[in-house]
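First the structure, in the form of structure tokens, and then the observations on it.
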Amino acid sequence: MIRQATSHDRQALYDLSNTSLALDYLSAQDFYFAHCYDPANVIVNEVDGHPVASLQVGYHVMMLHDTRIMVSAFTGLIGDQADAQGRYRRQLIQQALAEQSCKTLVTLVSTDSEQRYQSYGFAAVYHQRHFTVRPSDFSSRSYYGTDKQFSLSELSAVYRRFTSHFNGYILRDDDYWLRLMDELAARRLNLAVYHNGQGVAEGYMIYKLAKKQTEVSELVYLNGKAMVRLLSYGLRLKPQLDIAVAVDEDLTRAFPKAVSRVQPCMAAHVNDYKLFNALYQSQVKDVAAAFAVSPKPLFISERY
């Protein structure tokens with residue numbers, strides 16, 4: 001039986017998530033249940049009075065083809081590990097998609113696989129390019145102007161200017177930035193900001209110090225100098241950088257010898273093609289074509 005979650009389901013779902021392969025796109029289980037779990041947006045699949053799977057649907061504002069639209073995002077997908085075929089999770093996804101067909105134009109789900117949600121009509125239209133950069137790739141390793149002093153308004157302003165060059169990105173409000181600060185603390189992530197000589201923020205970087213390298217999960221910059229200063233800051237403690245950027249960002253202009261790999265990061269589902277084509281005056285019939293209406297490259301960094 002599929003039903004709406006209640007506050008009493010939290011502990012049962014927390015225990016269930018300890019034995020499942022879910023939350024593959026939220027590395028901090030405790031953070032999800034402490035800051036993201038919202039029973040009003042969660043549906044539960046129950047068998048014999050016990051939850052065996054759950055799915056949370058969040059809502060966000062996206063800038064798609066220069067138009068603001070409301071999108072839904074699937075997160076908190078938890079399932080009983082004994083359910084080898086994933087039928088309980090599958091039932092939840094199918095019901096949630098049916099509901100979203102009359103609520104939102106697009107649904108997103110974070111994934112590192114091209115095929116994982118393909119059978120539901122999703123396509124992994126968002127990809128990230130991961131660059132491996134070493135100290136020898138830098139002509140200068142000065143990080144002057146980069147530190148951990150910043151205001152949320154500075155981050156917001158830099159993000160707005162950076163994403164104006166892209167398409168399909170999430171618009172971030174004040175609540176988003178506050179929640180991000182909580183997430184950074186929970187997942188032991190760091191955030192550094194570059195200020196120019198006049199004290200104006202021109203870039204920021206979210207990163208993690210892994211065993212052998214600094215892993216940069218979000219790099220936002222307004223010019224090449226800001227980008228290089230931020231990355232130089234990331235090399236202070238580790239001998240190598242792994243930098244995740246939008247697939248169309250070419251860091252080889254700054255680092256000609258850098259090697260890269262591409263992997264999917266987000267899949268999308270168009271919930272109503274008739275409405276989509278009416279809104280964008282298009283005639284698309286699949287997800288890839290729907291997200292290619294604008295010539296601007298796609299950018300997304302959320303993991304929900």
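The values are calculated or read from the model by the stated rules, or taken from the named source; none is laboratory data. All values derive from a computational prediction rather than experimental measurement. Positions of Cβ are generated from backbone atoms using ideal geometry, with glycine treated the same way; all protein chains shown enter the neighbour counts. To get the accessible areas, we keep the full protein, side chains included, count just its heavy atoms, and leave off ligands, DNA and RNA. Shrake-Rupley method; radii C 1.70, N 1.55, O 1.52, S 1.80 Å.
Flag not set for G76, criterion: closer than 29 Å to Q11 by Cβ, open to solvent by 10 Å² or more (accessible area, probe 1.4 Å) and either without any contact (Cβ under 8 Å) to a residue 40 or more places away in the chain or in a strand (DSSP E or B) (or both). Here D112 fulfils each of the conditions (1) farther than 25 Å from L279 by Cβ; (2) of a type outside the set (S, T, N, Q); (3) open to solvent by 20 Å² or more (accessible area, probe 1.4 Å); (4) not in a loop (DSSP other than H, G, I, E, B) apart from (4). Against the conditions (1) within 16 Å of the chain's Cα centre (by Cα); (2) closer than 30 Å to F291 by Cα, L189 satisfies every one except (2). Restricting attention to the range 44-68, and to residues there that are without any contact (Cβ under 8 Å) to a residue 60 or more places away in the chain and closer than 24 Å to I170 by Cα, which single residue is surrounded by the fewest Cβ atoms within 10 Å (Cβ to Cβ)? Per the stated criteria, the residue is Y59. A single member of R187, R253 is within 27 Å of P135 (Cα to Cα), open to solvent by 20 Å² or more (accessible area, probe 1.4 Å) and in contact with a helix residue (DSSP H, G or I) (Cβ under 7 Å, 6 or more places away or on another chain), and it is R187. Check the range 86-104 and report whether any residue there is in contact with a Phe, Trp or Tyr (Cβ under 9 Å, 6 or more places away or on another chain) and in a strand (DSSP E or B). No, every residue in the range 86-104 fails to be in contact with a Phe, Trp or Tyr (Cβ under 9 Å, 6 or more places away or on another chain) and in a strand (DSSP E or B). Residues in the range 274-288 that are surrounded by 15 or more Cβ atoms within 10 Å (Cβ to Cβ) and under 20 Å from H165 (Cα atoms): Y280 alone.
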